[in-house]
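Written out below as structure tokens is the structure these notes cover.
No value in this document is a laboratory result; all are computed from the given coordinates. Note that the structure is a prediction, hence the values are computed from the model and not measured. All Cβ positions, even for glycine, are placed from backbone atoms using ideal geometry, and neighbour counts span all protein chains on display.
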Amino acid sequence: MQIETTSLSGVLILTPRRFGDARGWFSEVWNKDTLAREGISVDFAQDNHSYSAVPGTVRGLHFQSPPHAQAKLVRCGRGRVFDVAVDIRIGSPTYGRWVGVELSAENGRQLLIPAGFLHGFVTREPDSELLYKCSDVYAPDCDGAVRFDDPDISIDWGIDTATATLSEKDAKAPYLKDFQSPFRYEARP
């Protein structure tokens, strides 16, 4: 597995190897023991699968607060998306900064997002499907969101944000300046 660091500490791009033959290919997308040898340790509790019919669909920016904070491993099983993580750990030197990566069924890349980060994506193709592992189960009372088009974050989604397809929850999400993060930055030695 190829592991790439990003400008946000802890957010990693994982690209599994694919083994192909005349039938197609096989890929091991997560192996706890292999990744533990690389210093990556996450216990996953839930798998999610989302489908978005039209390009320009934005889902996010979402988080789940403690005690049910979630790390996520995100990949695209069909289509193509631009996937984003935003640091919301108070005291972090990268607070409010984002990193984005294109995930597609073709490139097989995955984004590993620790707890303490917002997560969102925009679909680039019709009928796109995102599959993601979460380190804790969904807890509605811990569910939250921040505006995807927040000017203080300034994510370049690659679309006209005024025409994005959104849920009601995402359209009403607060801006980062009006949001009190439940996460604190802990410097690692």
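List of remarks:
- Per-region count, the stretch 57-68, residues more than 13 Å from the chain's Cα centre (by Cα), crowded, with 19+ Cβ neighbours inside 10 Å and among the small types (G, A, S): 0
- Restricted to the stretch 18-75, and to residues there that are without any contact (Cβ under 8 Å) to a residue 24 or more places away in the chain and in a strand (DSSP E or B), the residue that is farthest from P182 (Cα to Cα) is D21.
- If you go through the stretch 76-95 and keep only what is out of contact with any Phe, Trp or Tyr (no Cβ under 7 Å at 6 or more places or on another chain) and either assigned to a strand (DSSP E or B) or crowded, with 24+ Cβ neighbours inside 10 Å (or both), you end up with C76, G77, R78, R80.
- All positions within the stretch 160-183 that are in a helix (DSSP H, G or I), aliphatic (A, V, I, L, M) and surrounded by 10 or more Cβ atoms within 10 Å (Cβ to Cβ): A171, L176
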